[in-house]
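The values are calculated or read from the model by the stated rules, or taken from the named source; none is laboratory data. The structure presented is a predicted model; accordingly, all values stated were derived computationally and were not measured. Glycine also receives a Cβ, built like all others from the backbone with ideal geometry; neighbour counts cover every protein chain displayed.
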Amino acid sequence: MRKIKINDITIRDIFQNTDLRNIDTRTFDIILEHFNSIKYDSLEILGGSSFEKILESSLNMTPLEVVSYIKNKIPSTPLQILIGARNLVGLEVYSKTIIKRFIKQCAKNGIDIFRVYDSLNDLENLKYTISTVIENGAGCQGTIIYDDLQDTGFYIKTAKKLISYGCTSICIKDAESTMLPKKAAELFASLSSEIEIPKFLCASNLRGLQILNYFEACTNGCDGVDLSLLPSSYNDYSPTVFSYILSLKDTDISHNLDCAKVVQLSENIKKYIYPYIKQDLFSTKFILNNTNKNLLPKWLISSISSQLQEIGETKAIDSVLEEVFRIKSEIGNPSLSTPIGQIIASQAILNTVISDFRWEILCDEIKKLIRGYFGKLPRKIDKKILEKLEDTADEEKSKISLEVEDIYDQCRSELENLSDKDEDILSYCFFPEKTKKFLEKKKYSQEKIPAGKDLDFTKTGLTFNGSRADSIAKLENLDIKKLREITSLVESSNIEEIKLEVEGVKISINNPKFRLPEQDTRKEEEPELAEKKSGDLVEIKSPIVGTFYAASSQDSSPFVNIGSRVKKGDTLCIIEAMKLMNKINSEYDGQIKDILVSNEDTVEFDQTLMIIKRDKK
């Protein structure tokens, strides 16, 4: 019986398609602990926008640190990364220096398989990256972006070229869900007769055809598929894992998965991850009206929506989505994979929202794309677009360089005060602003106790063994912010005491709630929400030390504003402490009279956050 290889992309999907501010290492560990025993053939953990999203997450790790973290948790399963041949995980074309350093660092941190693609299927773009992967002793899966305008011969020819470059497996990636079951059967039957190495199919379920395509491909020689425990369609909350497994029943095809453990993992995914899946785009008219036509990948619609939100034009999303396909057709029908998808989307916004008429303004990236900077476009470009490009050319004043600049040394210099680690410099090369913000936050959180400074912990029940002065001196390198967070968490819990030992000093943190009455003169407070009442006005206080968040994410509206009406149970804000997101809910019906802190402010225990005027009964 032939066994199909399963590449699970759940982890990558979590990074890419959820609000990572609500997922901390504790939640992440609960998810990771199940993967070792399920017997996946590989786990794709990075790719697409996941690298960038991790920098904004609550994991407090760089993306490559996350790779090492996962490898330590799941040592027995090969880890995989999806990268662009020249754009890697970013949106630009990067130099050979950066490509070489990045692949070396990924392999060092635990990546076993590199799935390498080029959004234009330009073989010249793929050569160097594939050879670099092989030099680092990793497996390279040559990836062909599916193009429904190409015949079967194109895929056979391209696959043979990728094998000659050293690829040990081949993947057909249906980025836009344009493949139909009949074509899947024909394509893999032909590939199987010509290609001996393993052949994979990667498809999402945008048009509801993923299982049919997988079944037809696998019964005609496909050796492996991608599956996720997160839904990959716009409007369906059911992952396709179990449907696919069921489709293989009574066939001569099997798999290595432990189905009972997959079910257990799925339940934890639904419990801990599903509440944070981004679903704000599922109801656009374009999606509902075009279910049998080409559709954009979910990540690209999300990117377009974010850009429109920034300029206050969210109502234009349907016209922008239609414009994407119009531009795509005019410039040779390239795939909408990264970075081409983002470039076409930016031009679509210019054409429909910013400009007075189509192609009035051309963004620099679309000029570079048409001129060949990103590689050879698959088909001819509309003559009118070429004429427009020539009309806008001004070689004397605004020449666009088609040379790839090596920015590694420049990035290293700009980052010297924050980090000299290769993985941080590489991250800065891809996403400078977000990497810098991440490293600055990390540096701030690691600030130490100043030498000789006497700190008062008596109010929190913190005691040391030995003299106080000696203890503080020994604790010179202690992260004081973290200690305060631990202390506050103890106070707000039902834990009576925690004992720690740091730098040879024993520390005892006692919960004031468990002190004898004569030892604690404070008035009792409600444990869930500290409040001070004064007539109809109620002070909402922070129950812990942490960071105040006014909204669930940077792209979301605040939970409340001054003047907002609230009901009992409504969320007022979030306090983040030790990477745990704590929702603060209203205990009353009423109106927000004042908000005393700003978004991302650090707040102390018992600090007043806002004031509610409660309704009279």
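Within this structure, VAL225 passes the test of being β-branched (Val, Ile, Thr), under 24 Å from the mean Cα position of the chain (by Cα) and under 23 Å from VAL116 (Cβ atoms). Looking only at residues in the stretch 112-138 that are buried (at least 19 other Cβ atoms within 10 Å of the Cβ) and in contact (Cβ under 8 Å) with a residue 60 or more places away in the chain, the one that is nearest to ILE370 (Cα to Cα) is LEU120. Pairs meeting the criteria (first residue in the stretch 305-320 and free of Cβ contacts under 8 Å to residues at least 12 places away in the same chain, second residue in a helix (DSSP H, G or I) and not β-branched (Val, Ile, Thr), beta carbons under 9 Å, at least 6 apart or on different chains) are THR314/SER305; THR314/LEU308; LYS315/LEU308.
Going through GLU330, GLU322, GLU310 one at a time, which residue ends up being over 28 Å from SER557 (Cβ atoms) and either out of contact with any His (no Cβ under 7 Å at 6 or more places or on another chain) or not hydrophobic (A, V, I, L, M, F, W, C) (or both)? Please lay out each step first, then the result.
Details: GLU322 fails: over 28 Å from SER557 (Cβ atoms); GLU310 fails: over 28 Å from SER557 (Cβ atoms).
None of the other options fit; the residue is GLU330.
In the stretch 108-117 there is no residue matching the filter, namely being closer than 17 Å to VAL67 by Cβ, at pLDDT below 95 and in contact with a helix residue (DSSP H, G or I) (Cβ under 9 Å, 6 or more places away or on another chain). What do you reckon, is LEU149 touching a Lys or Arg at 6+ places or on another chain (Cβ under 8 Å), at pLDDT 95 or above and over 30 Å from ASN109 (Cα atoms)? Criteria not met by LEU149.
Out of the stretch 1-37, which residues are within 19 Å of LYS73 (Cα to Cα), among the aliphatic types (A, V, I, L, M) and in contact with a strand residue (DSSP E or B) (Cβ under 8 Å, 6 or more places away or on another chain)?
Within the stretch 1-37, ILE9, ILE11 qualify.
Please work out if LEU362 is part of a loop (DSSP other than H, G, I, E, B), modelled with pLDDT under 90 and more than 24 Å from SER204 (Cβ to Cβ). Yes; evaluated as a whole, the condition is true for this residue.
When the residues of the stretch 409-424 are narrowed to those that are part of a helix (DSSP H, G or I) and touching a residue at least 24 places away in the same chain (Cβ under 8 Å), which ends up surrounded by the most Cβ atoms within 10 Å (Cβ to Cβ)? First the steps, then the outcome.
Narrowing the stretch 409-424 to residues part of a helix (DSSP H, G or I): 409-414, 422-424.
Of the ones still in play, those that are also touching a residue at least 24 places away in the same chain (Cβ under 8 Å) are 422-424.
Working: ASP422: 16, GLU423: 20, ASP424: 22.
So, considering only residues that are part of a helix (DSSP H, G or I) and touching a residue at least 24 places away in the same chain (Cβ under 8 Å), the one surrounded by the most Cβ atoms within 10 Å (Cβ to Cβ) is ASP424.
Considering only residues in the stretch 149-176 that are within 30 Å of the chain's Cα centre (by Cα) and closer than 22 Å to GLY372 by Cα, the one that is surrounded by the fewest Cβ atoms within 10 Å (Cβ to Cβ) turns out to be ALA175.
Conditions (1) surrounded by fewer than 23 Cβ atoms within 10 Å (Cβ to Cβ); (2) assigned to a loop (DSSP other than H, G, I, E, B); (3) assigned by TED's automatic domain parsing to the domain that holds CYS202, marked per residue:
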site: GLU52; (1), (2), (3): yes, no, yes
site: SER68; (1), (2), (3): yes, no, yes
site: LYS71; (1), (2), (3): yes, no, yes
site: THR77; (1), (2), (3): yes, yes, yes
site: LEU82; (1), (2), (3): no, no, yes
site: ARG101; (1), (2), (3): yes, no, yes
site: LYS108; (1), (2), (3): yes, no, yes
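Condition check ((1) acidic (Asp, Glu); (2) in a loop (DSSP other than H, G, I, E, B); (3) free of Cβ contacts under 8 Å to residues at least 60 places away in the same chain; (4) touching a Pro at 6+ places or on another chain (Cβ under 9 Å)) across all residues:
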residue: LEU187; (1), (2), (3), (4): no, no, yes, no
residue: TYR214; (1), (2), (3), (4): no, no, yes, no
residue: SER238; (1), (2), (3), (4): no, yes, yes, yes
residue: PHE242; (1), (2), (3), (4): no, no, yes, no
residue: LYS249; (1), (2), (3), (4): no, yes, yes, no
residue: VAL262; (1), (2), (3), (4): no, no, no, no
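Taking the criterion of being surrounded by 22 or more Cβ atoms within 10 Å (Cβ to Cβ) and outside any loop (DSSP other than H, G, I, E, B), the residues of the stretch 84-96 that qualify are GLY84, LEU88.
Here the condition is being buried (at least 19 other Cβ atoms within 10 Å of the Cβ), part of a loop (DSSP other than H, G, I, E, B) and either in contact (Cβ under 8 Å) with a residue 12 or more places away in the chain or out of contact with any His (no Cβ under 8 Å at 6 or more places or on another chain) (or both); of LEU300, LEU296, LEU369, LEU377, it holds for LEU296 alone. Cβ-Cβ contacts under 9 Å between residues 6 or more apart (or on different chains), taken from a first residue in the stretch 152-164 that is part of a helix (DSSP H, G or I) and modelled with pLDDT of 95 or more to a second residue that is surrounded by 15 or more Cβ atoms within 10 Å (Cβ to Cβ) and hydroxyl-bearing (Ser, Thr, Tyr), are listed as THR152/SER190; GLY153/SER190; TYR155/TYR146; TYR155/SER190; ILE156/SER190; LEU162/THR143. I'm checking my understanding of the structure. Among residues of the stretch 576-617 that are modelled with pLDDT under 85 and hydrophobic (A, V, I, L, M, F, W, C), which one is nearest to THR27 (Cα to Cα)? The selected residue is LEU580.
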